[in-house]
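Presented below is the structure to which this report refers.
The values are calculated or read from the model by the stated rules, or taken from the named source; none is laboratory data. All of these numbers come straight from a predicted model, not from anything done at the bench. A quick note on method: Cβ atoms are made from the backbone with ideal geometry, for glycine too, and the neighbour counts reach across all protein chains shown.
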């Protein structure tokens with residue numbers, strides 16, 4: 001019993017000695033509360049193979065960055081634990097207390113909440129290279145348009161700082177980047193070369209080529225918030241980074257870049273074996289087509305026969321009435337701004353021809369009519385045999401001689417059809433013509449239009465005279481005029497028939513010329529001199545006003561450039577149509593390119609936009625106005641006071657100058673009330689802090705009245721009429737007014 005007690009006492013003593021001795025061998029830093037091997041939680045993205053990714057078998061984080069950090073951390077006495085970052089950006093991850101450090105950083109950046117950060121020493125250099133499609137030749141770096149992943153937004157900021165001329169577009173996924181490259185949306189893609197080594201293993205990216213030289217290199221660091229704790233972690237981690245040899249770093253990089261890490265997905269297999277699959281699908285499709293074709297052939301033939309009967313005239317091969325309706329609707333919808341007329345044509349006493357010469361002769365005449373008509377019609381026109389000897393034609397309105405040409409090329413051969421065969425029978429044709437109105441294009445009713453043409457045809461038939469008659473002759477004249485303006489516009493611009501004139505603007509108080517407004521005059525080949533009110537509305541309706549305005553704007557810029565070179569600096573107001581400012585026209589960018597091309601200052605162009613245009617399309621116009629002013633252009637509201645919502649527009653629209661319409665002083669009505677209204681308008685504009693100019697000043701009384709009310713800048717026939725550029729160049733800005 002005593003022996004057992006001694007043995008038990010001895011065991012206790014030995015245990016105590018071991019406990020005491022263990023303290024003697026504990027490091028000093030452990031006594032102070034630190035541990036030799038401390039866990040280090042490292043937050044990383046896992047979608048950047050081979051830098052960071054998850055092993056498909058174990059699910060663990062692996063990659064070049066993981067192995068480098070693990071080696072450095074172990075050298076520093078840390079046990080690294082890698083966790084995927086759940087936040088969208090590294091900045092947001094910095095604010096999350098779950099991570100001790102975050103990777104990768106090129107430099108210290110503030111967190112999403114604005115807290116400063118601290119970064120470790122560099123683990124490696126990551127070269128960033130450009131990838132292009134095939135042998136595409138890249139523009140100079142300062143004109144390069146580069147695509148990058150949105151997750152690389154921090155790198156994009158570095159690129160912009162290093163290359164200010166580079167334009168960068170960010171995309172959510174790599175497929176989005178590649179689509180942008182192939183479609184020409186960007187010139188090249190930018191990423192680090194290690195990731196390209198992985199990405200370009202995808203079979204469908206075989207046409208992408210890495211440029212041989214790196215665009216730049218970035219450091220590869222770990223980061224955390226700049227706190228005492230963060231500083232301690234980084235300081236200790238830097239010791240481990242310093243212990244890594246260059247051989248260790250290169251061995252890790254080589255290990256991953258030499259692997260075939262890319263794993264095919266379903267789309268890759270489809271791409272790689274696409275030719276085999278395509279051949280198989282073609283064979284299957286052919287078998288199915290052959291099988292189905294036999295079943296459907298008779299049905300299709302039957303349907304075609306029925307459709308032909310419905311849409312085609314079996315005798316002449318022309319459209320039937322049903323087919324004519326469809327074709328006319330298609331043409332009018334496709335050409336809503338093109339002048340057309342519709343004619344209804346009838347052979348007088350056709351029954352007599354059938355009875356006296358036989359039905360075969362009558363049919364031969366109808367076929368001949370169809371043949372001659374088709375020879376003279378274009379693809380934008382249509383003809384139908386309505387019934388018996390009645391033909392309907394949809395025809396473009398082109399030139400004055402059109403009806404005479406149709407009479408010579410179509411009607412005259414038809415009239416002489418039997419005579420040319422030695423039969424003394426002259427064919428008489430009656431034609432009723434209806435000219436389409438704008439309403440007909442909006443509410444297409446072919447039967448109604450044909451009924452109106454029939455009315456005109458009946459008039460000519462009842463008169464026992466041949467030839468043709470219009471249902472609406474005034475519309476015919478208007479249609480011809482529209483055609484003459486639209487068709488001659490390109491030629492008029494290229495030949496110089498359209499010219500830019502200038503009407504000087506004056507400061508009546510100082511007695512000096514201060515600028516001018518650019519106006520348009522057209523010396524039409526057939527119609528003579530045309531003024532804006534003769535053709536502006538027509539071009540707007542036809543959607544061609546932008547072509548004319550672009551010509552005027554560029555001509556003005558050329559003149560301003562020439563005047564600047566001669567030392568005579570001027571400013572000119574140019575008009576912008578309401579149809580020029582649309583979602584698909586970037587007016588502000590267009591004007592900016594013009595002044596860059598001709599080396600002009602923005603304030604030399606005053607952009608005039610009518611008050612009514614703001615009412616019709618206020619949101620787009622206001623946005624365009626703000627952009628123009630931001631670029632330095634002066635924007636004027638033209639024709640102020642001519643509409644019904646000027647006061648509302650004044651508080652909505654950011655313009656620099658108001659162009660006052662003097663219709664109150666020149667129109668009929670109470671003269672005293674007119675002067676009162678103008679006085680209030682002038683006072684209101686001045687109180688709003690805007691500049692103003694009055695247009696349409698025609699008398700000395702009007703000029704004196706405006707000056708008395710505080711409106712000094714004026715424009716009108718009292719001072720100068722619009723004049724050709726040669727005459728305008730004789731006067732200069734600052735010259736005294738020469739009142740006529």
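Among the helices (runs of 4 or more DSSP H) lying completely within region 471-590, list those that include at least 1 residues that are surrounded by fewer than 15 Cβ atoms within 10 Å (Cβ to Cβ), at negative phi and modelled with pLDDT of 90 or more.
545-565
Give the residues of region 708-740 that are assigned to a strand (DSSP E or B) and in the same structural domain as residue 640 (by TED's automatic domain parsing), sorted by residue number.
Passing the criteria: 713, 714, 715, 723, 724.
Those residues that are surrounded by fewer than 17 Cβ atoms within 10 Å (Cβ to Cβ) and either in contact with a strand residue (DSSP E or B) (Cβ under 9 Å, 6 or more places away or on another chain) or under 15 Å from residue 431 (Cα atoms) (or both), I need them from region 360-376; list them, please.
Correct list: 374 only.
What is the one condition in (1) under 22 Å from residue 220 (Cα atoms); (2) out of contact with any helix residue (DSSP H, G or I) (no Cβ under 8 Å at 6 or more places or on another chain); (3) crowded, with 18+ Cβ neighbours inside 10 Å that residue 118 does not satisfy?
The one condition residue 118 does not meet is (2).
Do we find that residue 187 is assigned by TED's automatic domain parsing to the domain that holds residue 215, without any contact (Cβ under 8 Å) to a residue 12 or more places away in the chain and surrounded by 14 or more Cβ atoms within 10 Å (Cβ to Cβ) in this structure?
When the stated conditions are applied, residue 187 does not pass them.
Output the strands (runs of 3 or more DSSP E) that fall wholly within region 71-187 and possess 1 or more residues being over 28 Å from residue 210 (Cβ atoms) and in contact with a strand residue (DSSP E or B) (Cβ under 9 Å, 6 or more places away or on another chain), or say none.
Of the strands (runs of 3 or more DSSP E) lying wholly inside region 71-187, those with at least 1 residues that are over 28 Å from residue 210 (Cβ atoms) and in contact with a strand residue (DSSP E or B) (Cβ under 9 Å, 6 or more places away or on another chain) span 78-84, 101-105, 117-119.
For region 240-262, give me the residue count where each residue is under 18 Å from residue 203 (Cβ atoms) and surrounded by 10 or more Cβ atoms within 10 Å (Cβ to Cβ).
Of the residues in region 240-262, 3 are under 18 Å from residue 203 (Cβ atoms) and surrounded by 10 or more Cβ atoms within 10 Å (Cβ to Cβ).
Does residue 180 fit the bill of being modelled with pLDDT of 90 or more and under 16 Å from residue 141 (Cα atoms)?
When the stated conditions are applied, residue 180 does not pass them.
Residue 638 passes all but one of (1) part of a strand (DSSP E or B); (2) modelled with pLDDT of 90 or more; which number fails?
(2)
When you go through (1) buried (at least 17 other Cβ atoms within 10 Å of the Cβ); (2) part of a helix (DSSP H, G or I); (3) modelled with pLDDT under 85 one by one for residue 672, which number turns out not to apply?
(1)
Just checking, does region 282-296 include any residue being surrounded by 11 or more Cβ atoms within 10 Å (Cβ to Cβ), at pLDDT below 85 and in contact with a strand residue (DSSP E or B) (Cβ under 7 Å, 6 or more places away or on another chain)?
No, because not a single residue in region 282-296 is surrounded by 11 or more Cβ atoms within 10 Å (Cβ to Cβ), at pLDDT below 85 and in contact with a strand residue (DSSP E or B) (Cβ under 7 Å, 6 or more places away or on another chain).
Enumerate the pairs (first residue in region 265-293 and in contact (Cβ under 8 Å) with a residue 24 or more places away in the chain; second residue anywhere and part of a helix (DSSP H, G or I) and surrounded by 11 or more Cβ atoms within 10 Å (Cβ to Cβ)) with beta-carbon separation below 8 Å, excluding pairs fewer than 6 apart on the same chain, so at least 6 apart or on different chains.
Cβ pairs passing all conditions: 267/204; 268/203; 268/204; 271/203; 271/204; 272/203.
Yes or no: residue 453 assigned to a strand (DSSP E or B), crowded, with 19+ Cβ neighbours inside 10 Å, out of contact with any helix residue (DSSP H, G or I) (no Cβ under 6 Å at 6 or more places or on another chain) and modelled with pLDDT of 85 or more?
no
Out of 647, 660, I need the residue that is outside any loop (DSSP other than H, G, I, E, B) and at pLDDT 85 or above. Which one?
On inspection, the qualifying residue turns out to be 660.
Against the condition under 45 Å from the mean Cα position of the chain (by Cα) and either assigned by TED's automatic domain parsing to the domain that holds residue 456 or closer than 22 Å to residue 451 by Cα (or both), how does residue 326 come out, does it pass?
yes
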